[in-house]
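This report refers to the structure that appears directly beneath it.
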Amino acid sequence: MKTHFQTSWKLAPALLLLLAGSAMTAWAQSPKLQIDQLDTLANKASETVDVKLDERLLQTTWKFFSGKDPDEARIKEVLKGLKGIYVKSFSFEKEGEYSQAEVESVMSQLRGGGWSRIVTVKTKKASENLEVYLNMTGDVIGGLAVVSFEPKELTILNIVGPIDLDKLSSLEGQFGVPDLGIEKEPKKKN
């Protein structure tokens, strides 16, 4: 006669596989990219930017904006719902300091899992590449990723949380967020 413990023990490997598969599926669909593997590039770079603002730090930052100044009020409104802003940017003295495998470690996360590429800019002469991705859940933007790679520069931007593109444009140039080229619609005259 088998005990309940023996039966449960035999099911443990199957349950572990199921849990691991669920965790991998959830990770693959997360709008937060894994970019810490790029930290090793800092040793080769002449300039490094590393921004890690998780939800707790964003809430703390949010409190510093009074909201009295119109620009501060807009920034405060954008930061209010975000879960994180992460930036890794490396500038190098010479070409070839980072590999295609390092770029691929980020790009592979953007294939599937709710990510859709919305912008691609490539220049053959200067070998510059820029790609912008959105992570969508239904009609809600849950994340934004920008990957820019040039012969002497590599930049990854990842914004996590509900994003209003009109409001996001007010973050350009702040917190390490580059100019994304988000055009504000001109106000209509009545």
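Filter the stretch 123-161 for residues that are within 23 Å of Thr48 (Cα to Cα) and charged (D, E, K, R); which is surrounded by the fewest Cβ atoms within 10 Å (Cβ to Cβ)?
Glu128
Of all residues in the stretch 108-122 being part of a strand (DSSP E or B) and either among the small types (Gly, Ala, Ser) or within 16 Å of Tyr98 (Cβ to Cβ) (or both), which is most open to solvent (accessible area, probe 1.4 Å)?
Ser116
Identify, by number, the condition in (1) over 21 Å from Asn43 (Cβ atoms); (2) among the hydroxyl-bearing types (Ser, Thr, Tyr); (3) in a helix (DSSP H, G or I) that Ser105 doesn't meet.
(1)
All but one of (1) modelled with pLDDT under 95; (2) open to solvent by less than 70 Å² (accessible area, probe 1.4 Å) hold for Leu15; state the number of the condition that does not hold.
(2)
Provide a single number: the residues in the stretch 28-75 that are under 17 Å from Ile156 (Cα atoms) and of a type in the set (Ser, Thr, Tyr).
Total satisfying the criteria: 4.
Residue check: is Gly84 surrounded by fewer than 17 Cβ atoms within 10 Å (Cβ to Cβ), within 17 Å of Gln34 (Cβ to Cβ) and touching a strand residue (DSSP E or B) at 6+ places or on another chain (Cβ under 8 Å)?
no
Specify which of the listed residues (Leu154, Leu82, Leu165, Leu110) is touching a Leu at 6+ places or on another chain (Cβ under 8 Å) and either modelled with pLDDT under 90 or over 27 Å from Asn43 (Cα atoms) (or both).
Within the list Leu154, Leu82, Leu165, Leu110, the selection yields Leu82.
Would you say Leu41 is modelled with pLDDT of 90 or more, surrounded by 12 or more Cβ atoms within 10 Å (Cβ to Cβ) and in contact with an Asp or Glu (Cβ under 8 Å, 6 or more places away or on another chain)?
yes
What is the number of the single condition among (1) within 18 Å of the chain's Cα centre (by Cα); (2) modelled with pLDDT of 90 or more; (3) closer than 23 Å to Asp50 by Cα; (4) among the charged types (D, E, K, R) that Arg117 does not meet?
Every listed condition holds for Arg117 apart from (3).
The values are calculated or read from the model by the stated rules, or taken from the named source; none is laboratory data. All values derive from a computational prediction rather than experimental measurement. Glycine gets a Cβ as well: all are built from the backbone with ideal geometry, and neighbour counts include every protein chain shown. Protein only, heavy atoms only, side chains kept; ligands, DNA and RNA dropped before computing areas. Shrake-Rupley method; radii C 1.70, N 1.55, O 1.52, S 1.80 Å.
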